[in-house]
Amino acid sequence: MSASLAAKRRKALWLIVGAATGTGIASSLPTPVVEIPKQLAIGAADLALCAGIYQIYYDKPMDTASATALFTELGLVTAAGVGAGYVGVKLTEGILAEVLNWVPFIGWGLSAFITGSVTASVGCAFWYLCDVAVREGWALGRTSAARSIGS
């Protein structure tokens, strides 16, 4: 790895802060009737955030093979559970944002806070995974990362 772990952490932190701010601002803009599609775009931004964190820690872009190795390492059930939970959160956010559109300023601010918090949470969870993987020297796809996280 070319950069120290502390530098990687700092870069990942600023990436998360920027992404959470951006998705929060995007969510705060009232768009009646299209809140759920807007959440799909914000979900794509969350995925790009995770890919950016991966690139910071591994000095290479995340591709299909590295994503497959990562999810294989975590276990299919865990990955499916996380995916299902994320979809549920995004649907709930879309519905809630639709309701909050009717409460000017306060509702828009709440929508921004909720969406930014979800993006920050997703980013921090993936950041933690990458940080532990680098510290423990996991070769994703070849070791048992899932057991190491719990210990």
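One table, with the values for the structure above:
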quantity: The chain, Cα convex hull volume normalised per residue, Å³; calculated: 107 Å³
quantity: Estimated [θ] at 222 nm from DSSP helical runs (n ≥ 4, -39500 (n - 2.57)) normalised by residues in the chain, nearest 500; calculated: -27500 deg cm²/dmol
quantity: At q = 0.13 Å⁻¹, base-10 log of I(q)/I(0) for segment 53-108 (Debye sum, equal scatterers on each alpha carbon); calculated: -0.57
quantity: About the Cα centre, charge dipole magnitude for the chain (Lys/Arg +1, Asp/Glu -1 at Cβ), debye; calculated: 420 debye
quantity: Fraction of accessible area attributable to carbon and sulfur, the chain (%, probe 1.4 Å); calculated: 74 percent
quantity: Accessible area (Å², per residue) of the chain, counting only protein heavy atoms and a probe of 1.4 Å; calculated: 56 Å²
quantity: Solvent-accessible area of residue 33 with every protein chain in place, 1.4 Å probe, in Å² to the nearest 10; calculated: 120 Å²
quantity: By accessible area with a 1.4 Å probe, ligands and nucleic acids excluded, highest first: order of 42, 36; calculated: 36, 42
quantity: Cα-derived Rg to Rh of segment 83-127, Kirkwood definition; calculated: 1.04
quantity: Accessible heavy-atom area order of 63, 46, highest first, probe of 1.4 Å; calculated: 63, 46
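The values are calculated or read from the model by the stated rules, or taken from the named source; none is laboratory data. Values in this document were obtained by computation on a predicted structure and should not be read as measured data. Heads up, the Cβs are rebuilt from the backbone with ideal geometry, glycines too, and the neighbour counts pull from every protein chain shown. Keep in mind that these areas ignore ligands, DNA and RNA; they rest on the heavy atoms of the full protein, side chains included. Shrake-Rupley method; radii C 1.70, N 1.55, O 1.52, S 1.80 Å.
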